[in-house]
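Here is the structure we will look at.
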Amino acid sequence: MNEDPFINSDALRAVTKRGSSFLQAEKLKELGIPFSFDQYGTPMVKRSDLDTFLKVKLQPLFKKLNLDGDPPA
């Protein structure tokens, strides 16, 4: 399976809640998600960067809610 290393435009709109490339870039900067631009000026986010961002941002929530599978102390 040859999966694209970048998220698609629908996923980018879902992550940023923005339709405009300019506004998407602003939101990505605000969230601290690494990105680059394609030849048309559209932000490009690597799946691996988004996965890392989500793990870092959501891990404290998982630990707080004990959703990471560790038994309570």
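Some points to look at:
- Considering the range 48-73, the residues that are surrounded by 11 or more Cβ atoms within 10 Å (Cβ to Cβ) and among the basic types (Lys, Arg) include one that is modelled with the lowest pLDDT, namely Lys63.
- Residue satisfying all of: in the range 1-47; among the acidic types (Asp, Glu) and either within 17 Å of Lys57 (Cα to Cα) or at pLDDT below 95 (or both); surrounded by the fewest Cβ atoms within 10 Å (Cβ to Cβ) among these: Glu3
- Summed over the range 10-54, the residues that are on the phi < 0 side of the Ramachandran plot and not in a helix (DSSP H, G or I) give a count of 16.
The values are calculated or read from the model by the stated rules, or taken from the named source; none is laboratory data. The model shown is predicted, which means the values in this text are computed figures rather than measured ones. Don't worry about glycine lacking a Cβ; one is built from the backbone with ideal geometry, like all the others, and counts go over all protein chains shown.
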